[in-house]
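Novice: Take a look at this one; I'll ask things after.
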């Protein structure tokens, strides 16, 4: 039993920060806010004259990443022609596939955390659960800080694109202009904020679950 408890305890320390980060990444990449911020910041949509507003294009990217749109294609109403090419659609499909894999991993992690909480609390290991969460928060700080430093480094985001997606954009492709590699850093910042909120909320729940009930309180 001790070996099982120690194994679950160690895995719980890893699962807590990873689940909060994966939840935040999925929210950041699937909601329109980050895309809207990038389009407003760069003003690239207006410069390219795509016949679409920043909000409309941000919603399009959001809907595609959420899976409510099957195909990655947006029609330029003024010119009556599609904006994106086949290669860009393949790239975005790979990107959405990777995001969906992270969502599946998140579901597994949440299931593991729920089981481990139940198992340890059933043994009245409340302090162990609370300590594991605090250790997980410390590991979270290291992971987030390291990720932000790597993405902030020169060309790090570009290398991440090249290594993960193995796609060489053409000069006429629009996606790399709309979503430059620097957007990875913006998503990382948004994810760091969201994941911290998720982590603090989880700590509040953990404190309630592990509260020691005394005679007079």
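Novice: If you fit an axis through the alpha-carbon atoms of helix 2-30 and take the longest principal axis of the Cα set of the chain, what angle between them do you get, 0 to 90°, nearest 10?
Specialist: 30 degrees
Novice: Can you tell me the 0 to 90 degree angle between the C-alpha axis of helix 183-209 and the longest principal axis of the chain, rounded to 10?
Specialist: 20 degrees
Novice: Below 8 Å, C-alpha to C-alpha, sequence gap of six or more: please give me the relative contact order for the chain in percent.
Specialist: Numbers: 189 pairs, mean separation 74.4, N = 217.
In percent, rounded to a whole number, it is 34.
Novice: Of 195, 204, 20, how do they rank once you tally other Cβ atoms within 10 Å and put the fewest first?
Specialist: 204, 195, 20
Novice: Same structure, new question: Counting other beta carbons within 10 Å of each Cβ, put 6, 94 in order, fewest first.
Specialist: The most exposed by this proxy come first: 6, 94.
Novice: Dividing the alpha-carbon radius of gyration of region 14-156 by 2.2 N^0.38 Å (N being the number of residues), what value is obtained? Could the numbers behind the result be given before it?
Specialist: Working: Rg = 20.1 Å, N = 143, 2.2 N^0.38 = 14.5 Å.
Cα Rg divided by the expected 2.2 N^0.38 Å: 1.38.
Novice: Calculate how steeply helix 126-152 sits against the longest principal axis of the alpha-carbon atoms of the chain, using the helix alpha-carbon long axis, and give the answer as 0 to 90 degrees to the nearest 10.
Specialist: Value to nearest ten degrees: 30.
Novice: Convert 4 °C to kelvin, take the viscosity as 1.567 mPa s, use the Kirkwood radius over C-alpha pairs of region 81-160 as Rh, and evaluate the Stokes-Einstein diffusion coefficient in µm²/s, rounded to a whole number. Provide the component values of the computation, followed by the final result.
Specialist: Values: Rh = 16.4 Å.
The calculation lands on 79 µm²/s.
Novice: Order of 9, 72 from fewest to most other C-beta atoms within 10 Å? Mind showing how you got there, number by number?
Specialist: Details: 9 17, 72 21.
Ascending number of Cβ neighbours within 10 Å: 9, 72.
Any read-out appearing in this document is the output of simple, stated calculations on the displayed coordinates, not a laboratory observation. All figures in this text were calculated on a predicted structure; none of them were measured in a lab. A quick note on method: Cβ atoms are made from the backbone with ideal geometry, for glycine too, and the neighbour counts reach across all protein chains shown.
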